[in-house]
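Read through the structure below, which is laid out as structure tokens, and then see the notes.
Computed from the coordinates by the stated procedures, all read-outs in this text should not be read as laboratory data. Since the structure is predicted, the reported quantities are computational estimates derived from the model, not experimental observations. Neighbour counts are summed over all protein chains in view; Cβ atoms, including those assigned to glycine, are modelled from backbone coordinates with ideal geometry.
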Amino acid sequence: LLPVDAIRALADQHQKPANVLFQYGTAGFRTLGSALDPVMFRVGVLAALRSKKLDSKTIGVMVTASHNPEPDNGVKLVDPRGEMLEASWETHATNVANAPTTDALIDALETLVKNLKIDLSKPAKVVYARDTRPSGPALVASLEDGLKALGADARNAGVTTTPVLHYLVRAINTKGTKDSYGDDTEEGYLEKLSSAFKQLVAGKPALPPLVIDCANGVGAIVGQKLARHLGNSLELQLANTAIDTLGALNNACGADFVKTQQKLPPSLASVLTPGQRACSLDGDADRLIYFYLDDHGQFHMLDGDKIAALVAAFVVELTKSAGLEGKIQVGIVQTAYANGGSTKYLSERLPVKCVPTGVKHLHHAAEHYDIGVYFEANGHGTVLFSPETLETLSTYQPSTPAQSTALTHLRNLTNVINQTVGDGLSDMLLVEAVLAHKSYSGVEWNSLYVDLPNRLVKVVVPDRSIFKTEDAERRLVSPPGLQAKLDELVRRYEGGRSFVRPSGTEDVVRVYAEATVRSQADELAFRVAGLVY
Ligand code: NG1
Ligand code: ZN
């Protein structure tokens, strides 16, 4: 039976105000930190139930609002293999979070336990962490009350990045098995990534120092530890590390700023020398965008699409050199936001699939390839090696020294890459390893293909739920007639492409447009926005 008295006593301290509706969306629950107290308590209870349902496997809880402004916060659950919460539980989470009273909450929980046949006698295990937001400590305390109400065995992983929490979940659940993912500590994570990186770049000329814009967030903490682990294999120059300065998080810096503004964070103007590589993390360090200034001081951005192109080409090259061509197929997953230039370049070389926005869609599609490379244009992504591919890589007998070297590189890649989720720091090491192998600076990397000028705009509409899409969000089916008008407009622009979709994380509709010329991309975006409004 549910410990109703314990739940009741604690739930009364975290009551849900009337007139607010919470929704477990693509990034979990996300809203103003000050509104999240009741949600956190309930997520604690839910995480414990999910663990019991999965035979006492450890479930993760991450408290973060990623690239959002500092006053926001959020929470999401992580499934046992370090992946996003299974979709059906998103609905359960939404129901539980919205129960209006303590009695209603207990009813909702009892229904859940009954419908899902959860065995309450099983122990519950949960690991949780938070980013550096000022609202974090109080929200974690509410979460702990929820865990306590169910008597969960809870481990506090402290202040760390979202990808470290995902890593921990997988490492804890595979501990002592043949699939062991590494030591189940942040230290174990740093050790795993840095030692694979050192082996990958051994013997290559050292790259010049890399500037990292830490968005004044948790990436500064973990980035600094990573720098120590890397020693002289790669020199990191951390910038925007003011984690204790109120209002600094994600403010005029970070991966989202760089991607959406398409410009240098002003704070880096005095730090960066011409030609020097730099990258930005977001507030929880799961996104990564590279950039550099050329000799004329002009800004050039290398986004998630450019990372995918660089990495995919390298992986293909290694599989060929290892003699595994034809045995291991590399594929790419993108969303409609991928730059048309990247889609053209990649699909001329590899299978490319387009899926709806949201990591779970990308991740699942990438699992269908032997090696699946997925990146959102905004810099969130990773590379997945299928279990069969991992098996092939560990048992394959190379027949030449060149094949053997390539095979070792591939094995090291599987360790430098965080395969549970997109990881800014892991992706950074991956990019740096490829650049070292290819002797590329940002300039050569950037010249793989040319980005089409593009514009992303937000439109506030009375009701975004009337916008419904098909074909991986590339076409609207509702409101009726709108897609036809959009098609008619796009036809008038050279290289024009545009689509409209409701955001899953904000109460807005997003309009994306690209065209061969900058002014045309801007004009198209604003005219489509005019149609939507
Ligand atoms: P929405 O708000 O649904 O567009 C945004 C990003 C996604 C993803 C999620 C989760 C864009 C255009 N959209 O989703 O790619 O990162 O947030 O954080 O960047
Ligand atoms: Zn993030």
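Using helices alone, what [θ] at 222 nm do you get for the chain, with -39,500 (n - 2.57) per DSSP H run of 4 or more residues, divided over all residues and rounded to the nearest 500?
-12500 deg cm²/dmol
Return the Cα extents of the chain along principal axes one, two and three, sorted largest first, each rounded to a whole Å.
Result, largest extent first: 65, 57, 46 Å.
Rounded, prolate or oblate: which fits the stretch 304-422, taking a ≥ b ≥ c as square roots of the Cα gyration tensor eigenvalues, rounded meaning a/c under 1.5, else prolate when a/b beats b/c?
prolate
Within 10 Å of each candidate Cβ there may be at most 14 other Cβ atoms; applying that plus a DSSP loop requirement, which GluC sites (Glu not before Pro) in the stretch 277-359 survive?
Hits after loop and neighbour filter: GLU325, GLU348.
Shape of the stretch 220-368 from its Cα gyration tensor (a ≥ b ≥ c, root eigenvalues): rounded if a/c is under 1.5, otherwise prolate when a/b > b/c, or oblate?
The shape class here is prolate.
Please compare each pair in LYS57/LYS192; LYS263/LYS468; LYS320/LYS344; LYS306/LYS485; LYS53/LYS353 to a cut-off of 28 Å on the Cα-Cα distance and tell me which ones are over it.
LYS263/LYS468; LYS306/LYS485; LYS53/LYS353
Along the principal axes of its C-alpha atoms, what lengths does the stretch 80-232 span, in descending order and rounded to whole Å?
So the extents along the principal axes, rounded to whole Å, are 64, 39, 25.
Restricting to Cα pairs below 8 Å that are 6+ residues apart, what does the relative contact order work out to for the chain? Please round to a whole percent.
RCO, the chain: 12 percent.
In which sequence would HIS92, HIS368, HIS380, HIS166 go, from the one with the fewest C-beta neighbours within 10 Å to the one with the most?
The order, fewest Cβ neighbours first, is HIS368, HIS92, HIS380, HIS166.
If you average the alpha carbon positions of the stretch 297-360 and of the stretch 38-112, how far apart do those two centres end up, in angstrom?
That distance is 33 Å.
Compare the Cα positions of GLY341, HIS14, ALA35 along the charge dipole of the chain (+1 at Cβ of Lys, Arg; -1 at Cβ of Asp, Glu; about the Cα centre) and return the one farthest towards the positive end.
GLY341
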